[in-house]
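The values are calculated or read from the model by the stated rules, or taken from the named source; none is laboratory data. Quick caveat, the model's predicted, so the values are computed rather than measured. Here the Cβ is made from the backbone with ideal geometry for all residues, glycine too, and neighbour counts use every protein chain on show. Heads up: the accessible areas ignore ligands, DNA and RNA and are worked out on the full protein's heavy atoms, side chains in. Shrake-Rupley method; radii C 1.70, N 1.55, O 1.52, S 1.80 Å.
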Amino acid sequence: MTDDGNTRPRATCRVCGDGLEQFLDLGEQPISQAFVEPGADAEEFFFPLVVGVCTGCAMVQLLHDVPRDRMFHHDYPFYSSSSQAMQEYFAGVAREFLDTDLTGDRPFLVEIGCNDGVLLRTIKDAGVRHLGFEPSGGVADVARARGIRVRGDFFEERTAKEVCAAEGTADVIYSANTLCHIPYLDSVFRGVDALLAPDGVFVFEDPYLGDVVAQTSFDQIYDEHFYLWSAESVQATARRFGFELVDVRRLPVHGGEVRFTLARAGRRTPTPAVAALVAEERQRRLSSIDTLRGFAANVARVRDDLVRTLTDLRERGRRVVGYGATAKSATVLNLCGIGPDLVEFICDTTPDKHGKLTPGQHIPIRPAEAFADPYPDYALLFAWNHAAEIMAKERAFTASGGRWLRYVPDVHVV
Ligand SMILES: [Zn+2]
């Protein structure tokens, strides 16, 4: 920890105030998307990435939070539209809203964390009222250039009330891969309460604790992922703020997510999927400290296997290159202590990252074209959630004898 005095872990839940039990320590970690200029002498910010579960509401959460302005600022380098598969996915989500909850008189959709407008472009093209909240200026500018209405703020009680006063209530409040970033969930829920129409829906999708535990995908845990939701914890949180969990849908995107749909209590009948997922979680004892400690033991095993495999490849003179300088990769690299001696460079399609170094371990990042110039012996797939898209695109790599090295759900070569 270099500043902010945030050295002691939280003892009580951010949502309900009950006690927290720690089960996983991923070590000192940098800001996952704070890529470093070569030769920069500014000291990097590190924080302890430690995870616990609430004994009251079962919410899995980080025990240290990072000041939000350190994560989401003008140079935030993640662009949702950089993946073709994600563009198609969000166009589909938008069309579904247009066909269901946005069919009334002058419907209005608000998105929390609209990024570069990957979802809102479809809403805008349909001529439907919309507003995206996006505090990261660079990605927000891309959305604005597409004609999308963006407010450059964090979504919280105050800003939500201002929108409601100026534009009226929202029929849909939606958030993808953002809500779990926000420690101050109480203010977000009070904002939703202020802004949502009486029969509106609050829909969010984020990585699902059940998938993280089942796949040992510990790299889903980093500074931005403050919470890991389960149906049980979301249901408890919804009740606490006067809402009800009325639908859940498992999603194959981003390595396993759930789309949670909340309505005001008593306004909609929950679908059978809600009770089914809650029952499945109870049967798995997903939120029990024993299950979560078992997960932590699996994380330690994957860490040791990965380091051993990479060390062995280096000793055999094999070239290993990383694929995708993702936020997730920061957790893996810094937990395992993997630097440029084990992974020569990481290729990535985002121009903002090229020529920079990964946070903490300082592995160089190069453009996608560097991958084939010449192909390495092994490619360590950090962007494993886009595996199908990437492996289809890089058929020439495997055709030339290259192999993919993966670490989810365990270390294996493909
Ligand atoms: Zn709690």
Under 5 Å between amide H atoms, partner at least 5 residues away or on a different chain: which partners does PHE45 have, H built in plane at 1.01 Å?
ILE31
Accessible surface of segment 290-413 [probe 1.4 Å, protein heavy atoms]: carbon and sulfur percent
48 percent
Between GLN84 and GLU162, what length in nm is gained on full extension when 0.36 nm per residue of separation is reduced by their alpha carbon distance?
24.6 nm
Calculate one ³J(HN,Hα) per residue across segment 408-414 by plugging θ = phi - 60° into the Karplus curve 6.51 cos²θ - 1.76 cosθ + 1.60, and present them in order as whole Hz with x for glycine and proline.
10, x, 8, 6, 7, 10, 10
Which Cys in the chain stand alone, with every other cysteine's Cβ at 4.7 Å or more from theirs?
CYS114, CYS164, CYS180, CYS336, CYS347
Do you know the relative contact order of segment 80-289, to the nearest whole percent, from alpha carbon pairs under 8 angstrom that are 6+ apart?
15 percent
Alpha carbon centroid spacing (whole Å) that separates segment 345-414 from segment 299-332:
11 Å
At a Förster distance of 22 Å, what's the computed FRET efficiency of THR271 paired with THR169, Cβ-Cβ distance as r, to 0.05?
0.40
Distance in nm between pseudo-label sites at THR55 and ALA392 (7 Å out along the Cβ direction from Cα):
4.9 nm
Over 10 Å intervals from 0, what percent of Cα-Cα pairs in the chain sits in each interval?
5, 22, 32, 26, 13, 2, 0
Value of [θ]222 nm, deg cm²/dmol, for the chain, DSSP H segments ≥ 4, -39500 (n - 2.57) each, nearest 500:
-10000 deg cm²/dmol
Kindly write out, for segment 119-134 in residue order, the coupling ³J(HN,Hα) from the Karplus curve 6.51 cos²θ - 1.76 cosθ + 1.60 (θ = phi - 60°), rounded to whole Hz, with x marking Gly and Pro.
8, 5, 4, 6, 5, 4, 4, 7, x, 9, 4, 7, 8, x, 8, 7
A chain fully extended from GLU37 to THR291 at 0.36 nm per residue, minus the present Cα-Cα distance, gains in nm 87.4 nm
Residues meeting the amide H criterion for LEU196 (H placed from the backbone, H to H distance under 5 Å, 5 or more places apart or on another chain) are ALA170
Per residue solvent-accessible surface (Å²) - segment 80-289, probe of 1.4 Å
35 Å²
Determine the per residue accessible area of segment 290-413 with all protein chains present and a 1.4 angstrom probe, expressed in square angstrom.
41 Å²
Residues whose modelled amide H sits under 5 Å from the amide H of TRP229, counting only those 5 or more places away in sequence or on another chain, are LEU209
When only Cα pairs under 8 Å and 6 or more residues apart are kept, what is the percent relative contact order across segment 1-144?
20 percent
Under 26 Å from the Cα of LYS393, which lysines turn up, not counting those fewer than eight places away in the same chain?
LYS328, LYS353, LYS356
Can you tell me, using C-alpha contacts under 8 Å and at least 6 residues apart, the relative contact order of the chain as a whole percent?
15 percent
Summarise the accessible area of segment 80-289 (1.4 Å probe, protein heavy atoms) by the percent that is carbon and sulfur.
48 percent
